[in-house]
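For reference, the structure discussed in these notes is given below.
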Amino acid sequence: MKQLLDKLTNSFDTVSPATPSSIENAEKFFNIKFPNDYKEFLQFTNGLEGETTDSYLVLWSAEELIELNQAYNVKEFVSNIIVIGSDGAEDAFGFDTTNMTIVKLPFIGMGHIANEKLSDTFADFLSSQIKEENKGFFKRLFG
């Protein structure tokens with residue numbers, strides 16, 4: 001598994017893994033259990049940044065999840081969303097906690113402009129963001 005996850009560094013800038021306690025702290029803060037594929041991702045890299053197939057992707061560290069959801073007042077605008085990152089510009093990506101799907105929502109107009117469902121799982125979302133030459137990696141990894 002680690003060997004497959006190492007391929008992630010071909011497309012994105014990655015960092016050291018999240019500690020188990022930082023993942024637990026985020027789960028406690030949001031009063032939720034993150035999906036296993038998302039926890040596996042955090043245990044490999046505590047966030048990432050880089051170009052995608054057609055844009056840019058920033059996924060926040062376990063610690064930033066708490067800090068930045070508070071800074072953006074996410075719960076004030078959308079009570080059922082945990083923002084996990086962005087496109088580096090105007091759109092945020094997050095979990096819809098009613099069904100743990102991945103959605104896109106605007107930073108400006110959050111709660112007033114409809115969320116767009118992007119995928120049913122975190123692994124599918126991440127796979128869709130990988131440049132074409134690395135496609136299929138996350139499908140094999142997370143099945």
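Things worth noting here:
- Modelled label positions at ILE108 and ILE32, each set 7 Å beyond Cα in the direction of Cβ, lie 2.6 nm from each other.
- From phi via Karplus (6.51, -1.76, 1.60), per-residue ³J(HN,Hα) for segment 11-20 in Hz, x at Gly/Pro: 10, 9, 7, 10, 10, 4, x, 6, 7, x
- Test item: Cα-centred dipole of segment 19-117, Lys/Arg +1 and Asp/Glu -1 on Cβ, debye: 400
- Taking every protein chain into account, the 1.4 Å probe leaves SER79 with about 90 Å² of accessible area, to the nearest ten.
- Accessible area of segment 35-80 divided out per residue, in Å², using a probe of 1.4 angstrom: 48
- Table column - 3J(HN,Hα) (Hz), segment 78-95, Karplus curve with 6.51, -1.76, 1.60, x for Gly and Pro: 9, 6, 9, 10, 10, 6, 10, x, 7, 8, x, 9, 9, 10, 9, 10, x, 8
- Within the accessible area of segment 16-78 (1.4 Å probe), percent carbon and sulfur: 46
- The label-point distance for ASN10 and ALA89, in a model that sets each label 7 Å from Cα toward Cβ, rounds to 2.7 nm.
The values are calculated or read from the model by the stated rules, or taken from the named source; none is laboratory data. A quick note: this is a predicted structure, and the numbers were derived from the prediction, not measured. All Cβ positions, even for glycine, are placed from backbone atoms using ideal geometry, and neighbour counts span all protein chains on display. In case anyone asks, the SASA skips ligands and DNA or RNA and just uses the protein heavy atoms, side chains included. Shrake-Rupley method; radii C 1.70, N 1.55, O 1.52, S 1.80 Å.
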